[in-house]
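So the structure is just underneath, and the comments pick up after that.
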Amino acid sequence: MTNCVDQIPIYLNAVKKAGRCGIYNISSEIAENAYLEEPADPRMKKFNCIVLDDHDDTRERTGELVQLTSFFNLTGSYSNIFEAMAGLLNQKVDLMFCETEMQGFSGLDFVANIIDRPKVIFVTAHRQFALEAFDLNVVDYLLKPIHPERFTAAAHKAWIQLNHREKKDSENGAPSTEYLFVTSNYALIKINLKQVTHIEGLKDYVKIYISDQQSPILTRMTMKSIEEKLPPDMFFRAHKSFIVSIAKIDVIRNQRIQIGNHLIPVSDNNYDIFKQRLNA
């Protein structure tokens with residue numbers, strides 16, 4: 001297999017063209033090394049990125065490069081896979097920068113077992129895992145220390161793949177979501193969305209109420225992050241603290257929703273939208 005480091009000139013040709021098209025707006029150091037000339041379009045979509053590395057200096061350096069890339073948004077920086085797993089569950093992640101070998105854990109194994117895997121770029125000091133990494137269909141394999149121009153080339157590759165995926169999803173329609181996984185009591189729990197009646201927000205936690213289950217599932221997650229994971233045709237944000245399953249609604253009266261024994265308020269701002277959704 002061709003060493004990925006040998007491909008830098010090829011990547012840089014694409015990067016030069018990208019810079020002339022205004023794709024990047026990053027630090028002067030990166031711009032000088034990668035021959036980038038024009039600022040990015042401020043309307044360009046930003047993709048959410050996380051960094052997983054147990055070495056503080058590399059994790060910080062990778063995070064800095066992510067933050068200096070105009071089309072990336074750094075949403076998490078983690079030193080172990082448990083923190084990273086929570087980050088993946090609690091937010092939409094488009095791209096993950098990951099070390100291959102961490103103390104007591106394999107980044108390769110972690111990536112291989114992620115459900116609904118984001119795009120991945122490995123950042124590592126270990127050349128020997130490159131073949132195994134590319135078998136996982138990762139975007140790129142960066143060797144430490146990270147050179148800015150090499151990072152920029154990898155970022156451009158990720159940008160192309162992420163935009164292509166979004167365009168394909170838009171044309172074909174995104175696949176319907178039937179379930180999601182959440183962490184509760186140090187375990188991953190699979191939740192069938194058709195059985196969810198409603199969700200209640202409690203600051204940094206949410207309670208997920210399930211049909212025929214007496215106690216709700218409590219998980220550390222914001223309302224915003226779980227709302228982004230729910231199919232909009234099945235659920236509605238009735239209130240800042242409540243999301244309801246439309247199919248589970250029994251009665252609507254006096255701007256309140258009844259689901260079983262639960263009464264859920266509908267905010268003034270959402271009530272008209274809610275009635276339109278129900279064609280009432």
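The values are calculated or read from the model by the stated rules, or taken from the named source; none is laboratory data. Computed from a prediction, not measured in an experiment: that's the story for all the values here. Heads up, the Cβs are rebuilt from the backbone with ideal geometry, glycines too, and the neighbour counts pull from every protein chain shown.
Just a few scattered comments:
- Listed by first and then second residue, the pairs with beta-carbon distance under 6 Å, at least 6 apart or on different chains, first residue in segment 258-272 and of a type in the set (S, T, Y), second part of a loop (DSSP other than H, G, I, E, B), are Y271/Q255.
- Scoring K240 on the criteria (1) surrounded by 15 or more Cβ atoms within 10 Å (Cβ to Cβ); (2) outside the structural domain of N48 (by TED's automatic domain parsing) leaves a single failure, condition (1).
- Output for segment 63-112, where each listed residue is within 17 Å of Y141 (Cα to Cα) and part of a helix (DSSP H, G or I): G63, L65, V66, G107, L108, D109, F110, V111, A112
- Annotation note: of R61, R43, the sole residue that is modelled with pLDDT of 95 or more, farther than 26 Å from R220 by Cβ and not polar (S, T, N, Q) is R61.
- Of all the numbered requirements in (1) closer than 19 Å to T58 by Cα; (2) modelled with pLDDT of 95 or more, A130 misses one, and that requirement is (2).
- Single residue of segment 243-255 satisfying the filter (in contact with a strand residue (DSSP E or B) (Cβ under 8 Å, 6 or more places away or on another chain) and loosely packed, with under 13 Cβ neighbours inside 10 Å) that is farthest from I208 (Cα to Cα): V251
- Pair list, Cβ < 6 Å and 6+ apart or interchain, from segment 190-207 residues that are of a type in the set (K, R) to residues that are surrounded by 15 or more Cβ atoms within 10 Å (Cβ to Cβ): K190/F181; K207/E200; K207/P216; K207/L218
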